[in-house]
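First up is the structure itself, then whatever we jot down about it.
The values are calculated or read from the model by the stated rules, or taken from the named source; none is laboratory data. Just so it is clear, the model here is predicted, and its values are computed rather than measured. Cβ atoms come from the backbone with ideal geometry, glycine included; neighbour counts cover every protein chain shown. Surface accessibility is based on the protein's heavy atoms, side chains included, excluding ligands, DNA and RNA. Shrake-Rupley method; radii C 1.70, N 1.55, O 1.52, S 1.80 Å.
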There are 2 protein chains.
Amino acid sequence: MKPKLTLKDIARELDVSISTVSKALKNSEEISTDTKEKIQAFARLYNYKPNNIAISLKNKRTKNIGVIIPDIVHHFFTTVFRGIEKYANQRGYNVIVCISDESFDREVINMELLANGSIDGFIMALSAETQKRQDFNHLREVTEQGIPLVLFDRVTDQIACDKVIIDDEAAGRDATRRLLESGRRRVALFTTQSYLNVSAKREVGYRKALEAAGLQVDPELILRLPYQYEEEQASEAFFKSRKFDAVLCVNEIFAIRGMRLAIKLGLRVPEDVAFIGFTDGILSRYSTPSLTTVDQRGEAMGERAAEMLIQKVEDRFDEADPTQFRTEVIPVQLIERESAVLGKPTKADG
Amino acid sequence: MKPKLTLKDIARELDVSISTVSKALKNSEEISTDTKEKIQAFARLYNYKPNNIAISLKNKRTKNIGVIIPDIVHHFFTTVFRGIEKYANQRGYNVIVCISDESFDREVINMELLANGSIDGFIMALSAETQKRQDFNHLREVTEQGIPLVLFDRVTDQIACDKVIIDDEAAGRDATRRLLESGRRRVALFTTQSYLNVSAKREVGYRKALEAAGLQVDPELILRLPYQYEEEQASEAFFKSRKFDAVLCVNEIFAIRGMRLAIKLGLRVPEDVAFIGFTDGILSRYSTPSLTTVDQRGEAMGERAAEMLIQKVEDRFDEADPTQFRTEVIPVQLIERESAVLGKPTKADG
DNA sequence: TTGTACGCGTTATCAT
DNA sequence: ATGATAACGCGTACAA
């Protein structure tokens, strides 16, 4: 077991000073060709690699970025994470992930831990609990320290920082409109019970689309489910007591479970009921029937978030002026598959 | 924008020495109650938090663990990651993830980068390319430096380190046996083309089960697909030219796609063809019909791997003797759903 | 009870 | 061309 070689080790072996070694390894002009070659050869031979931690301490930058997400099993976050990791890695940054598990406390603890020097900046999506309590002090503390922060998907107006989102309202509206245009008349909504920004916005879009088509919003057609629901009673009762010919679901799992239940109850998809979901995950692609869905462009969001963050990090390092904060809207895309057959869109929305 | 407070700052403000501050904040007996209270109050007021990097440098331990996985979109790795993160976090460790994307080079680069002080130990599953080339020098280098390493799922005999695996051969054998016991006679195998250890072992199990039942292995019934295949021609041809009443698939996606195709070709699942897959992901649970599958216990594997790693890390830190390496076999579980109806198992295998 | 000095590994500045 | 010194932030053995 050979411990890591340090500059000091090399200096001792070669009987020169530490700073000579340091300079030689950076090919400094100050050092004679002879000694440089000798030192470099030795370093190569024994596979010298500088210690990241020491460099971090010296430079006050870690080349790590902290990612805090509510959940990794949800496919959407996985793809965002993939986008972040891909871009960051390409730029020489590593990614430290913490999963808040939708818990406010875990979000705060992890954030404070990482903020103490472990990372150069944060990328995060707020936990459900955080959105519920509307308590953003931990974010504020971090930004006040000058640590760059990029929020994605689950964001808040309360914090001034870069943001990457999709236009959830427009996406909800367009999906609903497309259902109406394809001849559906009673469109139900399966959404979450809770305080998720994104769900709320999609619901607004849903309502607007109905109103724009001159239809009443029937509260009876809105089903609010627990975020991670497992039993099917609520939805089964819903199916049996209401008539509708289409469903907009705020996520993929609600859609898949809905379809499954519909089929079990003897309905045909999409003939009797059409389904549109959110999140283009593996479930959407591989389900039977496959799911027509709003692609949230997770990987693109992740890449863009990482790009924005790294730019801020390097600006700060180069003492560039703190350019203003931007909110980037990633265009979504409706992917048509089997669960809802749509015509061509009649008009483009913004 | 207020930069982080350091011990030095506090010392200056309170006109004491740095070490007094340091000791006071650790409640050392050496310091008078007066000064301790004064210093602690000040630190609390201005929210002093020690700098992780400085502590890492001093202690030669980072409280970070490096995780290198081939892919995060594959649900199995996601769940393992979740298990790792959960346990590590609980023990006060953070997780740095790198995705090798099945590439040997990316695996090597990331590993070397992290090995230079950024982490206290590694948890990883080998990339497909690494398994193909059978080149493990990067792993050897790391273990020779005394950095603890735990391999999971995709492991190799070539490296002496802790390992966490499932018994893939037994799992393949048992699944096949159960199909045979339920009356199936011609069991096909959908496996990967390549050099994945796990696929190979599952195939061995498949063969043994057939032989144990006195059946010939028919090479015609083995379909080898590219790892991330997207077209369905190969499998469609396979379906049309062969007769079989059951399929064992080495992963979830192969199974889902296979079922989909079978249904498209007019077969009933499970009546005409039964399917068993590997990996109990969301696809298995939510597909129609839902998939009977071998649960690889990803989260359990992750937790166990993290536990083994952290133990080695702390042993090393406490200069405990390097206890021998262990290979832990996580018991798998056959989850029966709709795609294959099995009877009770007749005998337990080891 | 408090402070000084040193070390962790590196780099940058200033002497020699 | 080379080396000594200080600094990054912290902890600790030792000195006062």
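Odds and ends about this structure:
- List A:Ser56, A:Ser182, ordered by accessible area with a 1.4 Å probe, largest first: A:Ser182, A:Ser56
- Whole-angstrom gap from the stretch B:317-341 to the stretch B:188-211, using each part's C-alpha centre: 20 Å
- Taking a ≥ b ≥ c as the square roots of the eigenvalues of the Cα gyration tensor, the protein assembly as shown is oblate, since a/c reaches 1.5 or more and a/b is not larger than b/c.
- Residues B:Arg140 and B:Ala212, FRET efficiency given R0 of 35 Å [Cβ-Cβ distance, rounded to 0.05]: 0.35
- Relative to one another, the C-alpha centroids of the stretch B:134-157 and the stretch A:4-20 are positioned 29 Å apart.
- Across identical copies of the chain, B:Lys8 has label-point separations of 2.0 nm, listed in ascending order, with the point defined 7 angstrom from Cα along Cα→Cβ.
- Sparse-neighbourhood loop sites, GluC sites (Glu not before Pro) in the stretch B:228-329 - DSSP loop, at most 13 other Cβ within 10 angstrom: B:Glu230, B:Glu231, B:Glu271, B:Glu319
- Other residues with beta-carbon under 11 Å from the beta-carbon of B:Asn116 carry, at +1 per Lys or Arg and -1 per Asp or Glu, a net charge of +1.
- Cα-projected label distance for B:Val341 with A:Arg44, points at 7 Å along beta-carbon direction, nm: 7.0 nm
- Using a probe radius of 1.4 angstrom, the carbon and sulfur fraction of the accessible surface of the protein assembly as shown is 49%.
- Positive-end residue of B:Ala305, A:Val95, B:Leu5, charge dipole of the protein assembly as shown with Cβ unit charges: B:Ala305
- Residues in the stretch B:298-309 carry Karplus couplings, in order, of x, 5, 5, 4, x, 4, 5, 4, 5, 4, 4, 5 Hz; the curve used is 6.51 cos²θ - 1.76 cosθ + 1.60 with θ = phi - 60°, and Gly or Pro positions show x.
- Fraction of beta bridges assigned by DSSP in the stretch A:237-350 that are antiparallel (%, nearest 5): 35 percent
- For the stretch B:120-162, residues shielded by at least 40 square angstrom of accessible area compared with the chain on its own, probe 1.4 Å: B:Glu144, B:Gln145
- When chain A is treated as a Gaussian network with alpha carbon springs shorter than 10 Å, the biggest mean-square fluctuation among A:Leu309, A:Leu267, A:Leu189 belongs to A:Leu267.
- When B and A come together, around 5200 square angstrom of accessible surface is lost from both chains combined, probe 1.4 Å.
- With all protein chains in place and ligands, DNA and RNA left out, the 1.4 Å accessible area ranks A:Met1, B:Met301 as A:Met1, B:Met301, largest first.
- Degrees between helix B:168-181 axis and first principal axis of chain B (Cα, 0 to 90, nearest 10): 30 degrees
- For the stretch A:280-300, residues shielded by at least 40 square angstrom of accessible area compared with the chain on its own, probe 1.4 Å: A:Ile282, A:Leu283, A:Tyr286, A:Thr288
- Accessible area of A:Arg337 (1.4 Å probe, protein heavy atoms only, ligands and nucleic acids ignored): about 50 Å².
- Ranked from shortest, the separations from the 7 Å Cα-to-Cβ label point of B:Lys344 to its equivalents in the other copies are 6.4 nm.
- In a DSSP loop and with at most 16 other Cβ atoms within 10 Å, the chymotrypsin sites (Phe, Trp or Tyr not before Pro) in the stretch A:22-60 are A:Tyr46.
- Contact with the other protein chains removes 50 Å² or more of accessible area, compared with the isolated chain and a 1.4 Å probe, from these residues of the stretch B:36-59: B:Asn52, B:Ile53, B:Leu57.
- Gaussian network model of chain A, Cα within-10 Å springs - most flexible of A:Lys36, A:Lys163, A:Lys58: A:Lys36
- On Cα atoms only, tilt of A:75-90 relative to the major axis of chain A in degrees: 30 degrees
- Using alpha-carbon coordinates, inclination of helix A:104-115 to the longest axis of chain A, degrees: 20 degrees
- Average accessible area per residue (Å²) across the protein assembly as shown - probe 1.4 Å, nucleic acids and ligands excluded: 44 Å²
- Most mobile of B:Glu141, B:Glu37, B:Glu338 in a GNM of chain B (Cα contacts under 10 Å): B:Glu37
- Sites B:Ile263 and B:Glu328, calculated FRET efficiency, Cβ-Cβ separation with R0 45 Å, nearest 0.05: 0.70
- In nanometres and ascending order, the distances from the B:Glu232 label point to those of the other copies are 2.3 (point 7 Å from Cα along Cα→Cβ).
- Unsatisfied cross-links (Cα-Cα over 31 Å) in the set A:Lys58/B:Lys163; A:Lys58/A:Lys312; A:Lys163/B:Lys163; B:Lys38/B:Lys312: A:Lys58/B:Lys163; A:Lys163/B:Lys163; B:Lys38/B:Lys312
- Solvent-accessible area of A:Phe325, all protein chains in place: 110 Å² (probe radius 1.4 Å, heavy atoms, ligands and nucleic acids excluded).
- Label-point gap, in nm, between A:Lys60 and B:Gln158 - each point 7 angstrom along Cα→Cβ: 4.5 nm
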